[in-house]
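Scroll down for the structure; my scribbles are underneath it.
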Amino acid sequence: MTIQNFINGEYINPVDNNWIDNYCPANGEVYGKIPDSSSKDIETAVDAAEKAFKQWSNTNIDERSAILLKIADRIESQIDLLAKAESKDNGKPVNLAKSVDIPRAASNFRFFGHAITQFASESHESIGQNAINYTLRQPLGVVGCISPWNLPLYLFTWKIAPAIATGNCVIAKPSEVTPMTAYLLGEICNKAGLPKGVLNIVHGKGSSTGQAIIEHSQIKAISFTGGTKTGAHIASVAAPKFKKLSLELGGKNPNIIFADCDYDEMLSTTVRSSFSNQGQICLCGSRIFIEERIYEKFKADFIQKVSQLKVGDPADSNSDLGALVSKEHLDKVITYIASADKEGGSILYGGEKITVSGLEDGYYLNPTIIEVESNSCKLNQEEIFGPVVTIMPFKNEDEVLKMANDTIYGLSTTLWTNDLKRTMRMTKALQSGIVWVNTWMMRDLRTPFGGVKNSGVGREGGFEALRFFTETKNVCIKY
Ligand code: NAD
């Protein structure tokens, strides 16, 4: 299967004819190739986007909205095909792709298709000065959207939908590790009537294709989701060029469990928040802190529940966990697990690679629970981004708050308690862009999404995203 770039509404090969192998994580086999695009391909894409911008930025809101809604419908009508493609490319269970990734990609277009009809600019009457100010919110022009491999179509469309809704034209690059559903999106957009050049999808490595996007002087903004180190590099290149930047980066999210919580609900949600998508969701709670007096009970119940999870062929609808995304990532996660002893941790469950019959070369790993003694160990400080969680007890609110905040990251926190006053105190004090209380990953697309500290800069979601993809211009008229 050869994946091509989607530029100016057409599928084309990369100019230099350089290609990268595309692997299937379920069996470790190469099942296709994708372009490793160069700055020449980015140049062609930017030209197409520049040409489309004049018309698209002047297309009326109803028309833009209708096209976004049609894209959403088309994604939904192809849910089986897209879910299978996502599962094959990423290793995630097909059930997860069908229930989360693909429906959410459709929701992204539908949500921003509606949101744009409600987006307004402000006006200010300067009373006593006979003047009125009105603020235009204009699209930026050509913008860059760069996304990671963990939720491929979901995060790709989370950026593209608000960018095109606001009248921008886009150069988008999916992760080179999971290019397939981004490839399929081009055709969907054509069929939905998106004018050519509004969305250009260019494939390739971060260091070549991605680098050419962030360096390009005509690209006015970069919306990036990925690792913190990459985010820092992108900022160092894009900031001196005064590009607008939205950076959604890594995390090391605490999951804080008090004894007064609704125990059964907490337990089943904690299994999900630990191991969904093989633990490869930026919002997964990887540091679990449990109030001392229920620690032993939690430990036994958690191990028992996790031991029931089935790791297997992502295409099998009985699999709870599929394969990790790549051999490199599997090796990285295993290296962390191997460091447990040195870091003062004991492996309570899992920790080893799994061989799935008929798929012997796939990247399977048992869900892993490690008991740690201190929050300062590497396992609690560095992002592992796999099916690995640590657990440790805490004595009181002050102690757990200190540990929760003692990290360079600040993306999300999950708090389990029924004490209202404690909830109010803690949600205010937690250094985190998102706090869930008695739930996890419940999303309302109107809410601001993003992290603090090394988890990023800026917010996505709702009007925040529409503001990011527009520039304000104030006009002052004296009468
Ligand atoms: P990554 O940073 O390696 O890559 C992300 C994207 O950036 C890819 O498309 C890659 O090709 C591109 N890239 C790499 N180098 C680049 C460069 N020099 N210039 C431009 N683009 C470049 O991240 P990943 O391994 O794909 O994803 C995992 C990371 O993403 C984890 O750290 C995870 O926490 C994070 N993540 C964050 C969120 C969030 O919302 N905060 C969501 C999902 C994933």
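The rows are residues; the columns are (1) on the phi > 0 side of the Ramachandran plot; (2) among the hydroxyl-bearing types (Ser, Thr, Tyr); (3) in contact with a Phe, Trp or Tyr (Cβ under 9 Å, 6 or more places away or on another chain).
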{"position": "368", "(1), (2), (3)": "no, yes, yes"}
{"position": "379", "(1), (2), (3)": "no, no, yes"}
{"position": "388", "(1), (2), (3)": "no, no, yes"}
{"position": "421", "(1), (2), (3)": "no, no, no"}
{"position": "426", "(1), (2), (3)": "no, no, no"}
{"position": "438", "(1), (2), (3)": "yes, no, yes"}
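Name the helices (runs of 4 or more DSSP H) wholly inside the range 192-292 in which the number of residues that are within 8 Å of the ligand (Cβ to nearest atom) and of a type in the set (A, V, I, L, M, F, W, C) is 1 or more. Counting at least 1 such residues, we get 211-215, 228-238. Checking each residue in the range 293-314 for being touching a strand residue (DSSP E or B) at 6+ places or on another chain (Cβ under 7 Å) and either of a type in the set (Ser, Thr, Tyr) or in a loop (DSSP other than H, G, I, E, B) (or both) picks out 295, 307, 309, 312, 313. Being under 28 Å from residue 266 (Cβ atoms) and over 24 Å from the mean Cα position of the chain (by Cα) holds for only one residue in 382, 352, and it is 352. The sole residue among 271, 311, 333 that is outside the structural domain of residue 150 (by TED's automatic domain parsing), touching a Phe, Trp or Tyr at 6+ places or on another chain (Cβ under 6 Å) and without any contact (Cβ under 8 Å) to a residue 60 or more places away in the chain is 311. Taken over the range 25-63, residues that are in contact with a Gly (Cβ under 8 Å, 6 or more places away or on another chain), closer than 22 Å to residue 322 by Cα and surrounded by fewer than 21 Cβ atoms within 10 Å (Cβ to Cβ) amount to 2. Determine which single condition residue 283 fails, assuming it passes every other condition in (1) surrounded by fewer than 23 Cβ atoms within 10 Å (Cβ to Cβ); (2) touching a Pro at 6+ places or on another chain (Cβ under 6 Å). Checking residue 283 against (1) surrounded by fewer than 23 Cβ atoms within 10 Å (Cβ to Cβ); (2) touching a Pro at 6+ places or on another chain (Cβ under 6 Å), the one that fails is (2).
Here residue 433 fulfils each of the conditions (1) within 16 Å of the ligand (Cβ to nearest atom); (2) within 30 Å of residue 119 (Cβ to Cβ); (3) outside the structural domain of residue 227 (by TED's automatic domain parsing); (4) out of contact with any Pro (no Cβ under 8 Å at 6 or more places or on another chain) apart from (4). One residue stands out among those in the range 164-186 that are under 16 Å from the mean Cα position of the chain (by Cα) and part of a helix (DSSP H, G or I): the one that is nearest to residue 98 (Cα to Cα), which is 181. In the set (1) more than 16 Å from the ligand (Cβ to nearest atom); (2) surrounded by 22 or more Cβ atoms within 10 Å (Cβ to Cβ); (3) of a type in the set (Phe, Trp, Tyr), the condition left unmet by residue 119 is number (2). Return yes when residue 330 is of a type in the set (A, V, I, L, M) and part of a loop (DSSP other than H, G, I, E, B) and no when it is not. Spelling it out, it is not the case that residue 330 is of a type in the set (A, V, I, L, M) and part of a loop (DSSP other than H, G, I, E, B). Residue count for the range 79-109, restricted to those that are basic (Lys, Arg) and over 18 Å from the mean Cα position of the chain (by Cα): 2. Got at least one residue in the range 173-181 being polar (S, T, N, Q), within 15 Å of the ligand (Cβ to nearest atom), on the phi < 0 side of the Ramachandran plot and touching a Cys at 6+ places or on another chain (Cβ under 8 Å)? No, because not a single residue in the range 173-181 is polar (S, T, N, Q), within 15 Å of the ligand (Cβ to nearest atom), on the phi < 0 side of the Ramachandran plot and touching a Cys at 6+ places or on another chain (Cβ under 8 Å). Scanning for something part of a loop (DSSP other than H, G, I, E, B) and under 28 Å from the mean Cα position of the chain (by Cα), does the range 412-422 turn up at least one residue? Yes, the conditions are met somewhere in the range 412-422.
The values are calculated or read from the model by the stated rules, or taken from the named source; none is laboratory data. Computed from a predicted structure; not experimentally measured. Cβ sites come from the backbone with ideal geometry, for glycine too, and all protein chains shown count toward neighbours.
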